[in-house]
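Engineer: Have a look at the structure that comes next, please.
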Amino acid sequence: MNLLQDIIVVDFSQFLSGPSAGLRLADMGARVIKIERPGTGDICRQLYVSDTRIEGESTIFHAINRNKQSYAADLKDPSDLEKIKKLIAQADVVLHNFRPGVMERIGLDYARVKELNPGIVYGEVSGYGNEGPWKELPGQDLLVQALSGLTWLSNNRDERPTPMGVSVVDILAGTYLAQGILAALYRRGMDGQSSLVQVSMMEAVLDFQFEVLTCFYNDGRQLPVRSQLSNGNAYIPAPYGIYKTREGYLSLAMGDIPKLAELLQCPSLAVFTNAAEWYDRRDEIKEILTWHLMTRSADEWLAVLQPADVWCAKVMDYQDLMQQVGYKVLNMELRVKTSNGLSLKTTRCPIRIDGQLAVSEKGAPLLGEHNELIDDQFGLGIAIS
Amino acid sequence: MNQLPLHGLTVLEFSQYLSGPSAGLRLADLGARVIKIERPGTGDACRRLSIKNLWVDGDSLLFHTINRNKESFTADLKSSEDRAVIRKLIGRADVLTHNFRPGVMESFDLGYGSVAELNSRIVYGAISGYGKEGPWKDRPGQDLLLQSMSGLAYMTGNEKDNPMPFGLSIADSLCGAQLVQGILAALVRRHKTGKGALVEISMMESLLDFQFEFLTTYHSSGQLPQRSKLSNGNPLLSAPYGIYATTDGHIAVAMVNIPQLAQILGSEVLAEYSQEQAFSHRDEIKGILTRHLAGQSSDYWLEKLHANDLWAMEVLDWKTLTEHEGYQVLQMEQAVTTTRGKSLVTTRCPIRINGERLFSGKPAPSLGQDNERIVMELLK
C-alpha cells in the first residue's frame, strides 16, 4: 500500500511553495485536491516563462501540479464555501500559502477549521511569519533570498550579491511544510489530535544557512568572505570550486594541495604543505590552479585525478548529463498524461519506497476537472437543510 | 506544548557529515530520541571537520551545529560483540538512518533485509550519492561534485560566467530533508499496517527533483537554460528578475510588469518595451535597468516601488539582517550549553507546531557519552 493511501489533502495553495508540498504528499499516495478560483485558477497556470507553454499553460504549472485533482470554487460565494467546508470536514490535511489574514477573512483559519474537523492537520506557508514589519510583504523567492543574506555566499568576492538561480526558498519551505504535516499526521495517529503546522520562507532560508549562520553567531559576527576566484563555498579552503579547462569545466572539492601538485604536475602548488594555508592563502592557490588547469582538457585531468581518488567531477549541462549511463540508470524521467490527451515528460518523486519508484502517470488537472466527481464522492452537491 | 509530534520515537543514526545527520536533527527537533551510532575513538568524521577553525569542547562547531539534541553510542561495527548490542538496539528502535556508500551496511550484516528480520516495524532510511547501481555508485557523494554533474551549476551567475555552484551544500540539505519526508510518511503507514519500510534517496535524485521546473521545461522545449547576460536571478524568468546595484547598495526586483516599471522608475527608454518582450529582450531590458538604477539610492527606488506594491526588496547581509526587527521577531536564534558548560548560539527548527517555536537547549553529545545508560536500558 502507498505510504499515504487514504489521506485527503485540501490544498488552497498557489505558485510553488505550498504546491510543491502537495506534490510530494501526492507522490507518496495522498489524494490532493486543489481548490481553485473559477475562471483563472492557480495563478501559476498563467505564469508564462521562457516562452515555453504547454497548451496555453506554463510548463512550470504542469511540473508542480501533476498527480492532483482540481476543484473550482469561489470562496466568496456562500454556497461554494459551504461545499468546501463539507469537504474539509472529511479531509485529513488543509494546506494554504495566502498572506496572513486571508484565511481568517474567508472563515477558514485553523480555529474554525478545527471546529469543522477536530482531527485536521492544518499547514500554512507564509513569507515572513505572522508578526513583525515584514508580515504583509510578498513572500517571493528572490526577495527572501535578498533579505536573508544568502546572496553573499555564491559567486566571487568582487562580484555583486548573487541569488541562487533556482527557487530554493520556495522549495525548501514546501519541503519543511511537508515534514511538519507528516509529523503531525503521525501524532494524530497516536492521539487523534489536530495540529497547526507553520513554516515561513524566511525561517526556511535561515535554516538552510544553519551551518554558516552558526559560524557567524559565534565568530564575533564576521561576514562571509567569498574567494577571489572559483568560489564554491566562502568557508571551505582551496581548491573547492569550478575551473575552466582547455575544454570543458572541472570541479574540485576538498583535496590535499601537495597531492594535487604532484598529480597535476604543477610544482608551484607543492609549496603549500601546511593545511592551514589552504584556507588562508586560497586565492593564491586558486589562481595557480586557474592558469594551470587551462593547459589541458577536463577529460585529461579527470583521467589523472579520478584513479587517485581525488574528489573531482566534470561539469555537465543537461545535454551532457542525459547522455550518461549514471543518469539513465536512475530512471528519473516520468511521462504524464493530462485528461485531454496531452503528454509531457517531467521528473518523478526522488524517494524510493521498499525498492519501488513512486510513479504516477497522472498529469496536472484541468481547472475544475474534478468538481463533479468530488461533489458526488463527498456528498457536496446536496444542500444542507 | 504537551508533547512534540514525534515524542516516543527512537532513531538510530549511523550517518555522518551533513545529509543524514541533518535528517536526524530535524527528527530530534520534532520530538524523536536520536542516538548517533559512532565508531569508537573517532566518531562521526564531522567532529574533526571545522570551518574557520572554530572548535567547541574538542569537536568542531560544525559538528555541534548539526548534532545538537542527540545522544551518542559508540560501537565498532566490525566487532561481533558490539554488533550484538547494536542488534538489540535495532530491536527496540523505530527508525534507522545511514549514508554509507552502497554495500557498507550490508558488509556489517546491517542491510535492510537483516535489520527487518530483527525488527519488521523499523523504517530504514538510506542516503547515497548516486543510487545503488550504475557507473557512479561508488563515487563520493560530495555536494559540489553533485551540483557540477546535475546541471545545477548552469543556473546561477551570468551568461559569460563559468558554471557557478550554489555557495551552500544544497544537495546535502535537500536530500536530508527529503529523507525525513519519506521516513515520516512510512511511519504514518506503519501506524495502519504495523509494517516498516525501506526509504531510499540519493543526492543526485534530490538535485534532479530540485530542478524539476527546469528539467520539465527542457524536456518540452529542447533548449538548455540560458542565464541572462546581466543580473541573472533565474534562467527561466523574464526581466527584470534579478539584483541591481544602486548608489549605496543593491536591490532585488522580482516579477514586475515592464511598462509599469518604466513609469514608476521614470525611464523613458524602458517605456519603449512591452510586457511581451520581457523574456525575448531581457538582456536589453536588464541593461537599461542596470544603468537607470545605478543613479539613485536603494531607499529612493524602494520607496517608489513599494508605494505601488511592486515586488522589490533591499539586499541585506547578515549584519544588517540580524539587526532588523523583521529578523528579530522570528526568534530564530537559540543558545545551547554544551556538556562541558560552554555556551554557543545556533538556529532553531524552522517549523512551528500549534503556534509554538521549537527550541531545544540540548547540546551535541560527546563521543560515547550515552553508552552506559543505553546498555542499562537494554538490560531492563
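Engineer: If you check A:Tyr128 against the conditions, is it in contact with a Lys or Arg (Cβ under 6 Å, 6 or more places away or on another chain) and either facing chain B (nearest Cβ under 9 Å) or farther than 30 Å from A:Asp283 by Cα (or both)?
Structural biologist: Taking the combined requirement at face value, the residue satisfies it.
Engineer: Would you check if there is a residue in the stretch B:39-53 being part of a helix (DSSP H, G or I) and open to solvent by less than 10 Å² (accessible area, probe 1.4 Å)?
Structural biologist: yes
Engineer: Let me ask something additional. Considering the stretch A:259-316 alone, what residues qualify as being closer than 13 Å to A:Ala238 by Cα and of a type in the set (Asp, Glu)?
Structural biologist: If the condition is that a residue be closer than 13 Å to A:Ala238 by Cα and of a type in the set (Asp, Glu), then A:Glu277, A:Asp280, A:Asp283, A:Glu284, A:Glu287 are the ones that fit.
Engineer: Out of (1) part of a loop (DSSP other than H, G, I, E, B); (2) open to solvent by less than 60 Å² (accessible area, probe 1.4 Å); (3) closer than 20 Å to A:Ala146 by Cα, what's the single condition that is false for B:Gly295?
Structural biologist: (3)
Engineer: To continue, here is another question. Looking for something within 27 Å of B:Glu356 (Cβ to Cβ) and open to solvent by less than 20 Å² (accessible area, probe 1.4 Å) - is there at least one such residue anywhere in the stretch A:151-169?
Structural biologist: Checked the stretch A:151-169: at least one residue is within 27 Å of B:Glu356 (Cβ to Cβ) and open to solvent by less than 20 Å² (accessible area, probe 1.4 Å).
Engineer: Right, next: Against the conditions (1) within 13 Å of chain A (Cβ to nearest Cβ); (2) aliphatic (A, V, I, L, M); (3) part of a helix (DSSP H, G or I), where does B:Ile90 fall short? Just the number, please.
Structural biologist: Answer for B:Ile90: the failing condition is (1).
Engineer: Could you please tell me which pairs satisfy a Cβ distance under 8 Å, a separation of 6+ or placement on different chains, a first residue in the stretch B:176-193 that is facing chain A (nearest Cβ under 7 Å) and touching a residue at least 60 places away in the same chain (Cβ under 8 Å), and a second residue that is among the β-branched types (Val, Ile, Thr) and part of a helix (DSSP H, G or I)?
Structural biologist: B:Ala177/A:Thr175
Engineer: Next question. Note down all Cβ pairs under 7 Å where the first residue falls in the stretch B:86-105 and is polar (S, T, N, Q), the second is open to solvent by 40 Å² or more (accessible area, probe 1.4 Å), and they're at least six residues apart or on different chains.
Structural biologist: B:Asn99/B:Gln16
Engineer: Looking at the stretch A:302-314 only, could you name the residues that are in contact (Cβ under 8 Å) with a residue 12 or more places away in the chain and within 13 Å of another protein chain (Cβ to nearest Cβ)? Working first, answer last.
Structural biologist: Going residue by residue through the stretch A:302-314, those that are in contact (Cβ under 8 Å) with a residue 12 or more places away in the chain are A:302, A:304-305, A:308, A:310-314.
Answer for the stretch A:302-314, where residues must be in contact (Cβ under 8 Å) with a residue 12 or more places away in the chain and within 13 Å of another protein chain (Cβ to nearest Cβ): A:Leu302, A:Leu305, A:Ala308, A:Val310, A:Trp311, A:Cys312, A:Ala313, A:Lys314.
Engineer: Also: Within the stretch B:196-211, how many residues turn out to be open to solvent by less than 10 Å² (accessible area, probe 1.4 Å), under 20 Å from B:Thr156 (Cα atoms) and at the interface with another protein chain (Cβ under 7 Å from one of its Cβ atoms)?
Structural biologist: Count: 6.
Engineer: Right, something else. Among A:Ser339, A:Ser360, which is touching a helix residue (DSSP H, G or I) at 6+ places or on another chain (Cβ under 9 Å), outside any helix (DSSP H, G or I) and either open to solvent by less than 70 Å² (accessible area, probe 1.4 Å) or outside the structural domain of A:Met254 (by TED's automatic domain parsing) (or both)?
Structural biologist: Only one candidate qualifies: A:Ser360.
Engineer: Is it the case that some residue within the stretch A:256-274 is among the polar types (S, T, N, Q) and open to solvent by less than 70 Å² (accessible area, probe 1.4 Å)? Talk me through it step by step, then tell me what you get.
Structural biologist: Residues of the stretch A:256-274 among the polar types (S, T, N, Q): A:265, A:268, A:273-274.
Now drop any that are not open to solvent by less than 70 Å² (accessible area, probe 1.4 Å), which leaves A:268.
Yes, the conditions are met somewhere in the stretch A:256-274.
Engineer: Which count do you get for residues in the stretch B:309-364 that are surrounded by fewer than 20 Cβ atoms within 10 Å (Cβ to Cβ), free of Cβ contacts under 8 Å to residues at least 12 places away in the same chain and more than 7 Å from every other protein chain (Cβ to nearest Cβ)?
Structural biologist: Total meeting the criteria: 8.
Engineer: Among the listed residues A:Asp317, A:Asp309, A:Asp299, A:Asp283, identify the single one that is within 24 Å of the chain's Cα centre (by Cα), modelled with pLDDT of 95 or more, outside the structural domain of A:Glu36 (by TED's automatic domain parsing) and surrounded by fewer than 21 Cβ atoms within 10 Å (Cβ to Cβ).
Structural biologist: On inspection, the qualifying residue turns out to be A:Asp317.
Engineer: Tell me which residues, restricted to the stretch A:225-240, are crowded, with 24+ Cβ neighbours inside 10 Å and over 20 Å from A:Asn274 (Cα atoms).
Structural biologist: A:Ser230, A:Asn231, A:Gly232, A:Asn233
Engineer: In addition: Kindly indicate whether any position in the stretch A:330-340 is modelled with pLDDT of 95 or more, of a type in the set (Asp, Glu) and within 23 Å of the chain's Cα centre (by Cα).
Structural biologist: There is at least one residue in the stretch A:330-340 that is modelled with pLDDT of 95 or more, of a type in the set (Asp, Glu) and within 23 Å of the chain's Cα centre (by Cα).
Let's see how each residue does on (1) without any contact (Cβ under 8 Å) to a residue 12 or more places away in the chain; (2) of a type in the set (Val, Ile, Thr); (3) buried (at least 19 other Cβ atoms within 10 Å of the Cβ):
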| site | (1), (2), (3) |
| --- | --- |
| B:Pro235 | no, no, yes |
| B:Pro240 | no, no, yes |
| B:Tyr244 | no, no, yes |
| B:Ala254 | no, no, yes |
| B:Pro259 | no, no, no |
| B:Ala262 | yes, no, yes |
| B:Glu272 | yes, no, no |
| B:Gln277 | no, no, no |
| B:Ile288 | no, yes, yes |
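Engineer: From (1) without any contact (Cβ under 8 Å) to a residue 24 or more places away in the chain; (2) open to solvent by 10 Å² or more (accessible area, probe 1.4 Å), pick out the condition that doesn't hold for B:Gly141.
Structural biologist: (1)
Engineer: Are there any helices (runs of 4 or more DSSP H) wholly within the stretch A:156-262 with 3 or more residues that are closer than 30 Å to A:Ile120 by Cβ and facing another protein chain (nearest Cβ under 7 Å), and if so which?
Structural biologist: A:168-191, A:201-208
Engineer: Considering only residues that are closer than 16 Å to A:Ile43 by Cα, open to solvent by 10 Å² or more (accessible area, probe 1.4 Å) and charged (D, E, K, R), look in the stretch A:55-101 and name the one that is farthest from the other protein chains (Cβ to nearest Cβ).
Structural biologist: A:Asp74
Engineer: For the stretch A:330-349, which positions are in contact (Cβ under 8 Å) with a residue 12 or more places away in the chain and either of a type in the set (Val, Ile, Thr) or closer than 28 Å to B:Val180 by Cα (or both)?
Structural biologist: Across the stretch A:330-349, the qualifying residues are A:Asn331, A:Met332, A:Glu333, A:Leu334, A:Arg335, A:Val336, A:Thr338, A:Lys345, A:Thr346, A:Thr347, A:Arg348, A:Cys349.
Engineer: Let me ask another. Quickly run through the stretch B:65-85 and pick out the residues that are under 17 Å from B:Val104 (Cβ atoms), touching a residue at least 24 places away in the same chain (Cβ under 8 Å) and charged (D, E, K, R).
Structural biologist: Of everything in the stretch B:65-85, those that are under 17 Å from B:Val104 (Cβ atoms), touching a residue at least 24 places away in the same chain (Cβ under 8 Å) and charged (D, E, K, R) turn out to be B:Asp76, B:Lys78, B:Arg83.
Engineer: Still on this structure: Test each condition in (1) more than 28 Å from B:Asp76 (Cα to Cα); (2) among the β-branched types (Val, Ile, Thr); (3) surrounded by fewer than 24 Cβ atoms within 10 Å (Cβ to Cβ) for B:Val104 and report the one that comes out false.
Structural biologist: (1)
Engineer: What number of residues within the stretch B:212-227 are in contact with a Leu (Cβ under 9 Å, 6 or more places away or on another chain) and buried (at least 19 other Cβ atoms within 10 Å of the Cβ)?
Structural biologist: Qualifying residue count for the region: 9.
The values are calculated or read from the model by the stated rules, or taken from the named source; none is laboratory data. Note that the structure is a prediction, hence the values are computed from the model and not measured. Every residue, glycine as well, gets a Cβ built from its backbone with ideal geometry; the counts of neighbours run over all protein chains shown. Accessible surface is based on the protein model in full, side chains and every heavy atom, while ligands, DNA and RNA are left aside. Shrake-Rupley method; radii C 1.70, N 1.55, O 1.52, S 1.80 Å.
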